[in-house]
Structures are given as C-alpha cells and as structure tokens.
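Novice: The following block contains the structure, expressed as structure tokens.
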Amino acid sequence: MRTAVLLSGGVDSSVALSLLHRSGEHRLTAFYLKIWLEDELSFAGHCPWEDDLKDARAVCDGLGIPLEVVPLQREYHEAVVRWAVSELRAGRTPSPDILCNRKVKFGAFLDYLEDAHPGQFGRIVSGHYARCAPGKDGRHRLLRGVDPVKDQTYFLFRLTQDQLGRCLFPLGGLHKREVRALARGMGLPNRDRPDSQGICFLGSLPYDAFVRGQLGEWPGEIRRIDTGSTLGDHRGHWFHTIGQRKGLGLGGGPWFVVDKDPERNLIWVAHGDDLDDHRRRTFRVTDVHWIEGSPPAEGHLGLRIRHGPKILAGEVSALGDGTLSIRLPEPDPGVAPGQVAVLYDGDVCLGGGGIVTPTAHFDEP
C-alpha cells in the first residue's frame, strides 16, 4: 500500500513528508488540494494557491517524490463555504477549518483516492499537530499534540473512526521549534516561510474581505446594552463576533461585543467596566460527536471553547436529548453561538459539538 501525503506548501506538511521520506518505510505520493475559489474570490486579485503550489513542487522535486494536484473547489464550496456563509448570515460564529478537515481533507479527498487510485493508498498523512493511538475495543483515539500551543485537535474532533484509522500525524510528538529546526537542517526550500494564519482557503486574503465578497455590507447600529443608546454604526453584523474588542471604532472604551440581533442587524456592546455582568458561565452544546462512539461519564472534563493552549475544567452534564450542559469554572465574555466546545480527558480528545447560548431579545429603549 502507498501513503498519500497532504502537502500544502507550508513548512509543517513539508517536514512531515520529509520525515517519512527519510524513514524509507513508505511509498510516498504528495497531493496538493486546490480549494481556492477563483470565481468567488476573483475580486481579491492574486491567487495565493499559485505560491503554495510552487513551494510544494519545490519540496517534492528536491526529494524526488511525485506530486499530484487535486481540484476540490466545488466540494469545498458546497461542504464548507456555503455553510459558513449561512452561519454568518444567521448571526453565528462558524469554524470552517473544522468542517474542512471532516468533509474535504479527510472526506472528499479520500473519495477522490478511491476513484482515481482504487485500493492503492492506505494511510493519509498531514502536518497537523496531533496524535493517534489505539483505544478500547479496537477503536482509534485522537490525542493532543505535545506542543500545547500548536495542538490542533480542536480542529480535528469531528473526524470519524474510519478517517482516524487512516491518519498519520508525524508532527504530533514535536514542538514547533523542533519542526522549524528540522526544516532548516533538511534544507527545505520553504524553511523560512511564515506560518499561515486564519482560514485555510483564504491564504493572505483578509477575512473581512471574504465576508464582504459573500454577504456585502448592511449598515446597522451599535448599541450600549445597559442603556439602549446608540454609540456608533457597523457595516453588517456578520463582521462581528461576541467577545470582540478591536475594530468597533468607538471612543471612551474599551467596548466589547456581548450580543447580536441578526434580525434587526444590531450589535450590542458593554463597557469593559461592566463586562462582568455579561460573561457567560453556562451554555449548551448540541450536535455532539464522540470520537470513540459513546459519551464518557459526566463530571469534570477538560474543555476548549476556542483554539489555543488553554484547557478549562468544565463541568459537563447530559440533558437527555443528546445535548450537553456545560458550566465553566469562571464566566467568559467570548462564548459565542456557532463556535464549538471540544472535550478532553487528559491528552485524549473525546469529541465535542456546537455551542448554543441563550439569545437575548432586547426591547427598544
């Protein structure tokens, strides 16, 4: 069986490819997934995928590994972009990269392999900072990467058992500084390339530019939640998320977004001095996916409500309809509907689901 390597052109996936090549234990083919939406993002001008593909080719040429370009723009648009835009329009805060991993990188790509190379590829390799290990009853476990800052299990928690069974994450046991050192020691042509930021398909395109291109602008008011007074204007509620501080353009701050009314296109803010009154400590989680198939015992579990090194001690209880109730150890001002909550037992990523928060209905002042 051959091994397929997802190669983005970045340092992480290039080091993952190089490590496997150095081991001599795999028959490797690299695949570049083309998901840049040329029609939808034509207003942005230069297509970043061209630079990515150039770096990917340079790495493969240096190692003597074949590279295949796989066009998945249509699949990405249908599975990820259309959903993300609908979530933004509804006032929620989507995480497109989570759906991209489940539906595209380890979904549509696997379908492509079976159609184009039936039965030839067993393992799928990526540069994610995560680990896989055997679980109970022959099932597969997803473990946190050893680098707490780079750990990407938050973005992988929706992978299925079949997908995890084919995954190989060579960087899961490394810290980012080690990966950079390996890239330089290997002489990779992209060894000094900066890490990518933001949503995978946007490249260097600012997120606001993408949102504007999809949804346009819809001028509305920014109101103070305790008085109802209008403090300023915004260009559309979909440009803002709960917990946001920067980019509001208000004087006398700091001001924080504490709620949104998508139907009336209103943004509600609170002053930093009053923020404690609008922090959320409890919320519900729906559409829960358990990686090993069944929920763990209720009680205190590790919890992430956003990507980052911080793991909280959440108190989790089941509500009987597949929905979870979660209580945070401390109130948080940035709990936003549409985000995800990912649960952990030590290093084991158990699964997670979408955050649902009570929506405030404010009367006109």
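Novice: When you go through Lys150, Lys103 one by one, which is the residue that is open to solvent by 60 Å² or more (accessible area, probe 1.4 Å) and over 15 Å from Thr3 (Cα atoms)?
Specialist: Lys103
Novice: Further question on the same structure: In segment 183-225, what residues are in contact with a Pro (Cβ under 6 Å, 6 or more places away or on another chain), closer than 22 Å to Ala58 by Cα and either modelled with pLDDT of 90 or more or crowded, with 17+ Cβ neighbours inside 10 Å (or both)?
Specialist: Of everything in segment 183-225, just one residue is in contact with a Pro (Cβ under 6 Å, 6 or more places away or on another chain), closer than 22 Å to Ala58 by Cα and either modelled with pLDDT of 90 or more or crowded, with 17+ Cβ neighbours inside 10 Å (or both), namely Gly203.
Novice: Still on this structure, please answer the following. Just name the residue that is nearest to Gly64 (Cα to Cα) out of those in segment 8-51 that are part of a helix (DSSP H, G or I), open to solvent by 60 Å² or more (accessible area, probe 1.4 Å) and at pLDDT below 70.
Specialist: Only one residue tops the list, namely Ser42.
Novice: Follow-up question, since we're still on this one. Residues Arg166, Arg245: which one is open to solvent by 40 Å² or more (accessible area, probe 1.4 Å) and under 24 Å from Asp276 (Cα atoms)?
Specialist: Going through Arg166, Arg245 in turn, the sole match is Arg245.
Novice: Now a separate question. Name the residues in segment 173-182 that are under 13 Å from Ser14 (Cβ atoms) and either β-branched (Val, Ile, Thr) or open to solvent by 50 Å² or more (accessible area, probe 1.4 Å) (or both), would you?
Specialist: Val179
Novice: Within the group Asp321, Asp259, which residue is of a type outside the set (Lys, Arg), closer than 20 Å to Pro94 by Cα and either at pLDDT below 90 or open to solvent by less than 40 Å² (accessible area, probe 1.4 Å) (or both)?
Specialist: Values: Asp321 fails: closer than 20 Å to Pro94 by Cα.
Criteria check complete, one pass: Asp259.
Novice: Of everything in segment 106-127 that's in a loop (DSSP other than H, G, I, E, B) and either touching a helix residue (DSSP H, G or I) at 6+ places or on another chain (Cβ under 7 Å) or at negative phi (or both), which residue is surrounded by the most Cβ atoms within 10 Å (Cβ to Cβ)?
Specialist: That would be Ser126.
Novice: Additional query: Please name all residue pairs, on different chains or six or more residues apart, with Cβ atoms under 9 Å, provided the first residue is in segment 74-103 and is on the phi > 0 side of the Ramachandran plot and the second residue is surrounded by fewer than 21 Cβ atoms within 10 Å (Cβ to Cβ) and not basic (Lys, Arg).
Specialist: Every condition considered, the pairs that remain are Gly91/Asp261; Gly91/Pro262; Gly91/Glu263; Gly91/Gly338; Gly91/Thr359.
Novice: Would you confirm whether any residue within segment 279-287 is among the aromatic types (Phe, Trp, Tyr), surrounded by 14 or more Cβ atoms within 10 Å (Cβ to Cβ) and closer than 22 Å to Ile98 by Cβ?
Specialist: yes
The values are calculated or read from the model by the stated rules, or taken from the named source; none is laboratory data. Please read all numbers here as calculations on a predicted model, not as lab measurements. Cβ: placed from backbone, ideal geometry, glycine included. Neighbour counts: every protein chain shown. In case anyone asks, the SASA skips ligands and DNA or RNA and just uses the protein heavy atoms, side chains included. Shrake-Rupley method; radii C 1.70, N 1.55, O 1.52, S 1.80 Å.
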